[in-house]
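Written out below as structure tokens is the structure these notes cover.
The values are calculated or read from the model by the stated rules, or taken from the named source; none is laboratory data. Just so you know, these numbers come straight off a predicted model, no measurement behind them. Cβ: placed from backbone, ideal geometry, glycine included. Neighbour counts: every protein chain shown. Only protein heavy atoms, including side chains, enter the accessible area calculation; ligands, DNA and RNA are left aside. Shrake-Rupley method; radii C 1.70, N 1.55, O 1.52, S 1.80 Å.
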Amino acid sequence: MSLERLLAVIPAGHSDEALAREVNFDRLPAHIAVIMDGNGRWAAQRHLPRVEGHRAGSDAVRETVETGARLGLDVLTLYAFSIENWKRPVTEVSTLMVLLKRYLRSELETLLKNDIRFRVIGRMDELAPDIQQELHLAIDRTAGNTGMLFNIALNYGGRAEIVDAARRAIASGIKPEALDEEQFAQFLYTAGQPDPDLLIRTSGEMRVSNYLLWQIAYAEIYVTDTLWPDFRRRHMLEALLAYQKRERRYGGITPARAAIGAQ
Ligand code: FPP
């Protein structure tokens, strides 16, 4: 079913078709999280202002969201603006906000058509009122959708999320002895969602940048040199196929390894 949905947007004979056919749809990651990096370098390579890299990055967001939904992911989380990103020049920050607003306006119908539910993770109440309004509109309009959940991390920090969760846990009156890992996760922004199985980072940087620190405990990390504005369906499928070749052990050992040890 998901292969058909994916093939429906791939022109016949296109190289993405062969990649799509290699995907094992019985072993899809439930949740893919992405650190979209390299917009500035993409622009610099073209002697363009940094904001042009962000503008081009919006197209990569569009294609990634649609590919995720067509693949049949449960959750896709994109890191659009970190708490640390406020340190950037004011003009860059305001362009990022304008692009976000534009994206929401132009893509809302596509989100609805693809049955995508939109959510924000991060300190949303610290964003400008017009941005919050736009975000709330998209959240409310897509709330009844039952397909892929698309989280956008905005004014997000992994440590801030853990602090916010601790505050909520305390405010809830939960008894300290009742607080275990499972309970604590219910106070995170991602409460009720599966943890990311796959974390993709573009532009070759080997960092997790304060992203989903709690949730990526056992995520498989995939780093590509591709700069975010160049990231397309092909790159997502390549990441997925690499993930499907990995052996996930969650700190344990697989039966094959246990057999070697027993020899
Ligand atoms: C990192 O590249 C990217 C960001 C800080 C922002 C991501 C924003 C977008 C993809 C565009 C708009 C988003 C939406 C949701 C429509 P960088 O600027 O740090 O790149 P560099 O490391 O090469 O300088």
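Where in the chain are the helices, taken as whole DSSP H runs, whose Cα atoms extend 27 angstrom or more along the long axis and whose Kyte-Doolittle mean reaches at least -0.5? Walk me through the numbers on the way to the answer.
Values: long enough: 50-71 (31 Å, -0.76); 90-113 (35 Å, 0.37).
Span-like helices, by this rule, are 90-113.
So for segment 104-263, Kirkwood radius off the Cα pairs, Stokes-Einstein at 20 °C and 1.002 mPa s: how many µm² s⁻¹? It would help to have the intermediate numbers written out before the result.
Values: Rh = 18.5 Å.
Value of D from the Cα-based Kirkwood radius: 116 µm²/s.
At a Förster radius of 22 Å, what calculated FRET efficiency corresponds to the Cβ-Cβ distance of residue 140 and residue 168, to the nearest 0.05?
Details: r = 22 Å, r/R0 = 1.02.
Between residue 140 and residue 168 the formula returns 0.45.
For segment 36-176, calculate the relative contact order in percent as a whole number, restricting contacts to Cα pairs under 8 Å that are 6 or more residues apart.
On the way: 165 pairs, mean separation 41.0, N = 141.
Here the relative contact order equals 29 percent.
Out of residues 5 or more away from residue 38 or on other chains, whose amide H comes under 5 Å of its own, with H placed 1.01 Å from N in the peptide plane?
Under 5 Å from the amide H of residue 38: 228.
If we sort 48-59, 242-253, 20-31 on the protection proxy, mean other Cβ atoms within 10 Å, highest first, what's the order?
Details: 48-59: 18.6, 242-253: 11.2, 20-31: 15.4.
Packing proxy ranking, top to bottom: 48-59, 20-31, 242-253.
Kirkwood hydrodynamic radius, segment 53-92, all distinct C-alpha pairs: what's the number in Å? All intermediate terms of the calculation are to be shown ahead of the outcome.
On the way: mean 1/r = 0.0837 Å⁻¹.
Here the Kirkwood hydrodynamic radius works out to 12.0 Å.
Is the C-alpha gyration tensor of segment 23-103 telling us rounded, prolate or oblate? Criteria: a/c under 1.5 is rounded; beyond that, a/b larger than b/c is prolate, otherwise oblate. Provide the component values of the computation, followed by the final result.
On the way: a/c = 2.48, a/b = 2.02, b/c = 1.23.
Prolate, because a/c is 1.5 or more and a/b exceeds b/c.
Which length gain, in nm to one decimal place, applies between residue 232 and residue 41 when the Cα-Cα distance is subtracted from 0.36 nm times their residue separation? Display every interim value, and only then the final one.
On the way: separation 191, 0.36 × 191 = 68.76 nm, distance 1.71 nm.
In short, 67.1 nm is gained.
Could you sort 214, 228, 42 by their accessible area in this structure, using a 1.4 Å probe and putting the largest first? Let's see the in-between values first.
Working: 214 80, 228 5, 42 35 Å².
Order by accessible area, largest first: 214, 42, 228.
Which of the aspartates and glutamates could a cross-linker bridge to residue 245, judged by Cα under 16 Å and excluding same-chain residues fewer than eight apart?
Qualifying aspartates and glutamates at Cα under 16 Å: 22, 26, 197, 220.
Measure off 7 Å from each Cα along the Cα-to-Cβ vector at residue 86 and residue 242, then give the distance between these two points in nanometres to one decimal.
If labels sit at residue 86 and residue 242, their model points lie 3.4 nm apart.
Given the -39500 (n - 2.57) contribution per DSSP H run of 4+ residues, what per-residue ellipticity at 222 nm results for the chain, rounded to the nearest 500 deg cm²/dmol? Don't skip to the end; give the middle numbers.
Numbers: 10 runs with 122 residues, N = 263.
Using -39500 (n - 2.57) per qualifying helix, the result is -14500 deg cm²/dmol.
Among the aspartates and glutamates, which fall within straight-line cross-link reach of residue 113, defined as a Cα-Cα distance under 20 Å, with same-chain neighbours fewer than 8 residues apart omitted?
Cα-Cα hits under 20 Å: 4, 59, 63, 66, 74, 134, 140.
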